[in-house]
Amino acid sequence: QRLGTIDSQGQGWYTIGQNFQRTEGASAMGPLTNRAVIRQVMEKHGFTFSKALGQNFIVNPSVCPRIAEEGGAAPGVGVIEIGAGIGVLTAELARRADKVVCIEIDSRLLPILAETLGEFQNVTIRNEDVMKADLPAIIAKEFPGMEVVVCANLPYYITSPILMSLLEQQLPIRSITVMVQREAARRICAPPGSRESGAISAAVRYYSEPRILFPVSRGSFLPAPEVDSSVIRLDVLSAPAVQVKSQETFFAVVRGSFSQRRKTILNTLSAALGLTKEELRPLLEAAGVSPGVRAEELTLPQFAAISDQLSGRAET
Ligand code: SAM
């Protein structure tokens with residue numbers, strides 16, 4: 001076992017296991033979805049759940065195989081996992097994919113993972129914050145020539161920033177399959193122009209085709225969170241869904257439009273962008289958008305048209 005290799009940034013990264021031939025199914029200590037097994041592992045390593053890090057581990061045995069299957073973990077595929085916990089999803093990914101690189105912020109989990117994932121040779125754990133990880137470099141180094149997917153049971157305190165960071169970096173990945181709070185799943189997957197849509201729905205649709213895969217009840221986790229969850233999959237588009245003159249302006253328009261969602265687009269956007277209503281009204285009209293509508297009624301091409309009108313104005 002190569003444990004405790006330190007990279008040049010001083011962060012630990014670990015390739016786990018050497019005996020890939022061991023029997024399929026549960027690890028030697030018993031299934032990682034078994035509460036008694038989890039308790040035993042936690043006690044042995046003196047581990048306690050961190051609420052701040054969103055540590056709710058999956059104990060429903062049907063959930064992880066389904067995330068792995070529907071998330072595209074398969075021969076020839078490399079998987080990036082965010083947040084290993086005690087490795088319950090990691091193991092299912094490692095059984096199906098060629099290679100799994102897991103980014104886990106909590107160093108207390110490293111000795112546990114060395115034990116629970118001991119049977120896998122194709123798993124690397126990187127002990128770092130996913131928001132600071134150099135994902136393009138990781139993909140280039142770890143998955144050369146491979147199709148790459150992201151699979152995770154996301155820490156809920158940071159769901160949207162992680163998703164937006166993955167999408168905005170325009171990584172060479174095929175899809176992102178993640179467990180999120182059910183409410184967040186609805187918002188993320190809502191088509192722009194629908195009542196549940198928000199800035200995140202428009203931003204996600206710019207980069208990907210999202211859909212809800214299946215629901216997961218709160219009782220499927222240890223400890224049980226206060227809300228139910230859903231697994232969603234975002235299929236990353238080869239090019240953004242709409243062409244815009246400036247992505248920066250497009251996202252400023254999307255964010256600004258939803259900053260006060262009960263107000264009309266004229267009121268909200270003029271406040272958010274620092275324009276007078278007299279300045280904004282003709283731009284909205286030229287974009288084919290009625291100044292009286294609300295952000296949730298706007299489609300992606302309409303946000304793009306407003307954005308391009310603003311970019312055109314800046315150019316003149
Ligand atoms: N995959 C495991 C499972 O399904 O049981 C654990 C999921 S738990 C909801 C979220 C995991 O993400 C925890 O292990 C937590 O320590 C880790 N985590 C939290 N914030 C993180 C961050 N910024 N970067 C990487 N991992 C993080």
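The values are calculated or read from the model by the stated rules, or taken from the named source; none is laboratory data. Here the structure is a predicted model, which means the values were calculated and not measured. Quick reminder, even Gly has a Cβ in these numbers, built from the backbone with ideal geometry, and neighbours come from all protein chains shown. These accessible areas exclude ligands, DNA and RNA; they are computed on the full protein's heavy atoms, side chains included. Shrake-Rupley method; radii C 1.70, N 1.55, O 1.52, S 1.80 Å.
Only helices (runs of 4 or more DSSP H) whose full extent lies in the range 156-229 are considered here, and the ones with at least 3 residues that are away from the ligand (no atom under 14 Å from the Cβ) and among the hydrophobic types (A, V, I, L, M, F, W, C) are 182-189, 199-207.
Return a yes/no flag: does the range 22-41 have any residue that is within 12 Å of the ligand (Cβ to nearest atom), assigned to a loop (DSSP other than H, G, I, E, B) and within 24 Å of Val150 (Cβ to Cβ). Looking through the range 22-41, at least one residue is within 12 Å of the ligand (Cβ to nearest atom), assigned to a loop (DSSP other than H, G, I, E, B) and within 24 Å of Val150 (Cβ to Cβ).
Here Ala114 clears all of (1) open to solvent by less than 10 Å² (accessible area, probe 1.4 Å); (2) part of a helix (DSSP H, G or I) except the condition numbered (1).
State all residues of the range 265-300 that are without any contact (Cβ under 8 Å) to a residue 40 or more places away in the chain, under 20 Å from Ala190 (Cβ atoms) and in a loop (DSSP other than H, G, I, E, B); if no residue qualifies, say none. Val289, Val293, Arg294 - these are the residues of the range 265-300 that are without any contact (Cβ under 8 Å) to a residue 40 or more places away in the chain, under 20 Å from Ala190 (Cβ atoms) and in a loop (DSSP other than H, G, I, E, B).
In this structure, is Leu135 within 12 Å of the ligand (Cβ to nearest atom) and open to solvent by less than 10 Å² (accessible area, probe 1.4 Å)?
On the way: within 12 Å of the ligand (Cβ to nearest atom): yes; open to solvent by less than 10 Å² (accessible area, probe 1.4 Å): yes.
Yes; evaluated as a whole, the condition is true for this residue.
Only a single criterion out of (1) more than 22 Å from Tyr207 (Cβ to Cβ); (2) modelled with pLDDT of 95 or more; (3) out of contact with any helix residue (DSSP H, G or I) (no Cβ under 8 Å at 6 or more places or on another chain); (4) among the polar types (S, T, N, Q) is not satisfied by Ser290, namely (3).
Hey, does the range 69-79 have a residue that's within 11 Å of the ligand (Cβ to nearest atom) and at pLDDT 95 or above?
Looking through the range 69-79, none of the residues is within 11 Å of the ligand (Cβ to nearest atom) and at pLDDT 95 or above.
Considering the range 82-109, and only residues there that are near the ligand (Cβ under 7 Å from one of its atoms) and of a type in the set (Asp, Glu), the residue that is surrounded by the most Cβ atoms within 10 Å (Cβ to Cβ) turns out to be Glu104.
Taken over the range 196-249, the residue count meeting the criterion of being in contact with a Phe, Trp or Tyr (Cβ under 9 Å, 6 or more places away or on another chain), closer than 30 Å to Met42 by Cα, open to solvent by less than 30 Å² (accessible area, probe 1.4 Å) and not polar (S, T, N, Q) is 3.
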